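Below is one structure, written out as structure tokens; the observations come after it.
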Amino acid sequence: MALQPYLLNEMQKIAEQQPLSAHTPGHKNGLFLPTQLKELWGEQFAAYDFTELPNLDNLHFSEGCLAQSQQQVADFFGAAHSYYLVNGTTAGLQAAIMASCYQQEVFVPRHVHRSIYHSLILAQAKPIYLPVSIDDETSLPLGLDPVVLDEYIQRYPQCKRLIMVHPTYQGLTWQNKACFTLAKEHQLTIIVDEAHGSHLHFNHNLPPSALELGGDLVVQSWHKTLPVLTQGSVLHVSKNYQGPNLAPYLSLLQTTSPSYLLMASLEVGGIEMMENGESTIETSLYNIIYLHQQIYQSLENIYLLWQPDWQQDPFKLYLYSQVLNGAELEKQLREQFAIYPEMHDNNGCLIMLPLNLTNDYVEQLLQALTVIDQQIANLEPVAYLPNFYTASLPKEVVPLSKAFYAAKKTILWQEAAGRVAGQFILRYPPGIPMLVPGELIEPELLTAWVNAGGDLNEKLLVLVKGV
Ligand SMILES: Cc1ncc(COP(=O)(O)O)c(C=O)c1O
């Protein structure tokens, strides 16, 4: 059966009545909009910014058009349930971890995004951290090594939960497939942060998606890669998942005023992908092959990070140079060509390509890179600085969920060695903490902090008690 925009159809029926709004939101379907917004955005969008009117269902107790819309997604992904999220993947991870890990042990690879640590606090979970492999050349996290996972499973046979990141921010899935297989063999419940991999399911030439690999609870930021408004995400519950129902957790965490614009954008963004995603991605993959060839052949000072055995997402381009650091490369693209990369770190910058990659887009990017490549031809190499990720596991002095609530005080970074962190210590992006509350600040961390652009005169929170 053809896919249906169940929610959008109901919204359209109401909008066509040109109703007099006597309910929230205060702009009354666009009657009371600030002039600046009207001038810049027009009024039309506001006519669809509804609340829970009759026939528009309720995200927290869905049984009408929203239930049908979400079920359509679940059927396509082969999941038992799929839930629309209006507070990004953050809300989905919180709900998934609270539901499946409450006061339980869980394996957590150390390159997870901070939203997972926040979820561990909410769930009062007992994380068993796993060291991840870091690439020597770029100091980027590759992911979890299955040999390491196996070791930990043997050492902690009572732990029955695992969190996976699939793919990483830079698009690496590396040895994740083997980790999923191993975890399944040991009947672990796998909670997956697939924030950057919503598109993987739509084309078999991309690395396999988390649901295909056997993830139990999978959270995807549709807004990051699919044609969906910011904050729109989806939580899939696989048919194998046996833990508590997710709905009460989502209801606890999400707003009672979910944006209908956002939910409609999730619905039709999903339909666009379910109907045309495979062919759209297929066409783009040809353009990506051409783009890679041109980067290799035409550029002498800017390189592309592409390792076939890293199982990379081709829609992510991590570019780096020996004569420009990541911040400089990002700045040149932005200031000279109004190209805004997703992020940069010490050594490179990350371009997220659109799923409908056109020739024009490729040419615009190549033109900019070619000009920069020539401009930097005679520069001296810059000093290599490792990125703000760590392979070693920090020493935990106070458990995370206790440390989060413990008394803290502010000190300067220069006095921090030997103290216990009272806050997350990270650079943003990528938002991956080097240290979390309750962990020991070793002297080496001060050097890493400075290398990552931090200042020893900045303040930070440490625990009052503790070392
Ligand atoms: C790896 C990873 N996980 C989770 C998140 C949180 O996703 P969201 O912004 O959709 O809440 C992010 C956001 O940047 C992320 O990069």
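Rule-based calculations on the coordinates, nothing more; no lab input. Only a predicted model underlies this, so the values are computations on that prediction, with no experimental measurement involved. Backbone-built Cβ (ideal geometry, glycine too); neighbour counts: all protein chains shown.
Some values worked out for this structure:
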{"quantity": "Among 350, 404, 265 the positive-end extreme of the charge dipole of the chain (Cβ point charges)", "calculated": "404"}
{"quantity": "Estimated dipole of the chain in Debye, rounded to 20 [Cβ of Lys and Arg +1, of Asp and Glu -1, Cα centre]", "calculated": "1680 debye"}
{"quantity": "Electrostatic dipole magnitude of region 280-375 [Cβ: Lys, Arg +1; Asp, Glu -1; Cα centre; debye, to 20]", "calculated": "60 debye"}
{"quantity": "Paramagnetic reach from residue 374 (point 7 Å along Cα→Cβ, amide N under 18 Å) across region 287-302", "calculated": "294-302"}
{"quantity": "Debye, to nearest 20: dipole size of region 331-428, +1 on Lys, Arg Cβ, -1 on Asp, Glu Cβ", "calculated": "840 debye"}
{"quantity": "For 241, 152, order by how many other beta-carbon atoms lie within 10 Å, fewest first", "calculated": "152, 241"}
{"quantity": "Share, in percent, of DSSP beta bridges within the chain that are antiparallel, nearest 5", "calculated": "70 percent"}
{"quantity": "Selection from 453, 443, 433, by position along the positive dipole direction of region 400-463 (Cβ)", "calculated": "433"}
{"quantity": "Simple spin-label estimate for residue 71 and residue 114 in nanometres, 7 Å along Cα-Cβ", "calculated": "4.0 nm"}
{"quantity": "Relative exposure of 211, 229, judged by other C-beta atoms within 10 Å (fewest first)", "calculated": "229, 211"}
{"quantity": "Per-residue ³J(HN,Hα) for region 358-367, Karplus 6.51 cos²θ - 1.76 cosθ + 1.60, θ = phi - 60°, Hz, x for Gly and Pro", "calculated": "9, 4, 4, 4, 4, 5, 4, 5, 5, 4"}
{"quantity": "Dmax and Rg, reported as Rg then Dmax, of the chain (C-alpha, Å)", "calculated": "23.4, 67"}
{"quantity": "Cα-Cα over 19 Å, subset of 160/184; 126/409; 126/395; 38/224", "calculated": "126/409; 38/224"}
{"quantity": "Tail weight of P(r) past 19 Å, computed on alpha-carbon pairs of region 280-375, percent", "calculated": "36 percent"}
{"quantity": "R0 of 30 Å, Cβ-Cβ distance residue 53-residue 356: FRET efficiency to nearest 0.05", "calculated": "0.35"}
{"quantity": "Neighbour-count order for 163, 339, 372, fewest beta carbons within 10 angstrom listed first", "calculated": "339, 372, 163"}
{"quantity": "Overall dimensions of region 124-179 by Cα: Rg and Dmax, Å", "calculated": "12.1, 37"}
{"quantity": "Extreme residue, positive dipole direction of the chain, given options 378, 192, 97 (C-beta unit charges)", "calculated": "97"}
{"quantity": "Dimensions (Å) - region 400-463, Cα atoms, principal axes, largest first", "calculated": "30, 25, 16"}
